[in-house]
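Colleague: Have a look at this one before I ask anything.
The values are calculated or read from the model by the stated rules, or taken from the named source; none is laboratory data. Given the structure is predicted, the values throughout are model-derived calculations rather than measurements. Counting neighbours? That spans all protein chains shown, and the Cβs are built from the backbone with ideal geometry, glycine included. In case anyone asks, the SASA skips ligands and DNA or RNA and just uses the protein heavy atoms, side chains included. Shrake-Rupley method; radii C 1.70, N 1.55, O 1.52, S 1.80 Å.
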Amino acid sequence: MTPSALPVSRRAIDVARRPEDELLLECVRNSLGQSDVVILKQLLGSTGDWSYLIRSATRHQVLPLLHRALAAAESAGATVPPTARIALQQELDTRITRNRQLAAELVRVVRLGGDAGLALLPFKGAVLACDIYGDLALRQFADVDLLVEASRGVDADAFLGSLGYEARHDFGWEAHFVEPQSGLCVDLHRGHLTPEDFPIPQLFTRFSGRRATVP
């Protein structure tokens, strides 16, 4: 298909895309090969607005992947301005620290839930980071996502309350909890993810039967 034959909306997106956007798209991979690094070096030659690049990476939650890609490109001879490298590292350090806090809290809550006879299935967040990228630091996430059997929703609410969590938003099928002292957040899914998008009955039972350990 020639560019002129593309839908207008697609052509508009292609024209509007900046070199920094192209660079971010190349960064979003679970691994980087030699050919990927070559492309990254080429795109870095056209990248001029580093503030925009870092803001975009933060907004799209791919800051760790950008950092990894730039490190790979630098090792292959590319140049990254020192000020941009420092700004990126500062942003990244904050998010890595938060990732570690959330991962530790995830392990603690699931373990204590098990001790209390309450099965909790973690997903997204730290689990997805380790499963997809093999590195807790390579995915940005903001909370702990847990799935519980719908019939145990009240028990799960009480359990989180016993750990000091307070319910801030409750949508019925999901509730958002916050621990005031640490500011850590837990999204508790009561037998559903998003009912409109995943109208699957007995979701917890299906997932529980396929659960696996993620190191």
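Colleague: Just checking, how many residues over region 146-167 are open to solvent by 40 Å² or more (accessible area, probe 1.4 Å) and in a strand (DSSP E or B)?
Modeller: 2
Colleague: Right, something else. Please go through region 183-210 and pick out each residue that is within 20 Å of the chain's Cα centre (by Cα) and part of a loop (DSSP other than H, G, I, E, B).
Modeller: Listed by number, the residues that qualify are 183, 184, 192, 193, 194, 197, 198.
Colleague: How many residues are in contact with a Lys or Arg (Cβ under 9 Å, 6 or more places away or on another chain) and farther than 21 Å from residue 138 by Cβ when one looks only at region 51-88?
Modeller: 2
Colleague: For residue 212, only one of the following conditions fails: (1) open to solvent by less than 20 Å² (accessible area, probe 1.4 Å); (2) modelled with pLDDT under 90. What is its number?
Modeller: Among (1) open to solvent by less than 20 Å² (accessible area, probe 1.4 Å); (2) modelled with pLDDT under 90, residue 212 violates only (1).
Colleague: Output the helices (runs of 4 or more DSSP H) that fall wholly within region 31-145 and possess 1 or more residues being over 30 Å from residue 155 (Cβ atoms) and open to solvent by 40 Å² or more (accessible area, probe 1.4 Å), or say none.
Modeller: 34-44, 50-59, 63-75, 82-115
Colleague: I'd like the residue in region 168-182 that is of a type outside the set (S, T, N, Q) and closer than 19 Å to residue 122 by Cβ and, out of all such residues, is most open to solvent (accessible area, probe 1.4 Å).
Modeller: Taking the candidates together, the pick is 173.
Colleague: List every residue pair whose Cβ atoms lie under 6 Å apart, where the two residues are 6 or more positions apart in sequence or sit on different chains, the first residue falls within region 177-191 and is within 18 Å of residue 97 (Cβ to Cβ), and the second residue, located anywhere, is part of a loop (DSSP other than H, G, I, E, B) and not hydrophobic (A, V, I, L, M, F, W, C).
Modeller: The qualifying pairs are 179/164; 179/165; 185/143.
Colleague: Looking at region 107-141, which of the residues that are among the basic types (Lys, Arg) and farther than 19 Å from residue 164 by Cβ is farthest from the chain's Cα centre (by Cα)?
Modeller: Ranking the qualifying residues of region 107-141, first place goes to 124.
Colleague: Let me ask another. Need pairs with beta-carbon distance below 7 Å; first residue under 14 Å from residue 65 (Cβ atoms) and within region 19-47, second open to solvent by 50 Å² or more (accessible area, probe 1.4 Å) and among the aliphatic types (A, V, I, L, M); sequence gap 6+ or separate chains.
Modeller: Partner pairs satisfying both residue conditions: 26/39; 30/132.
Colleague: Name, by its number, the condition in (1) open to solvent by less than 50 Å² (accessible area, probe 1.4 Å); (2) under 18 Å from residue 106 (Cα atoms); (3) not acidic (Asp, Glu) that does not hold for residue 194.
Modeller: Single failed check for residue 194: (2).
Colleague: Quick one: which of 113, 117 is modelled with pLDDT of 90 or more, on the phi > 0 side of the Ramachandran plot and not hydrophobic (A, V, I, L, M, F, W, C)?
Modeller: Exactly one residue qualifies, and that residue is 117.
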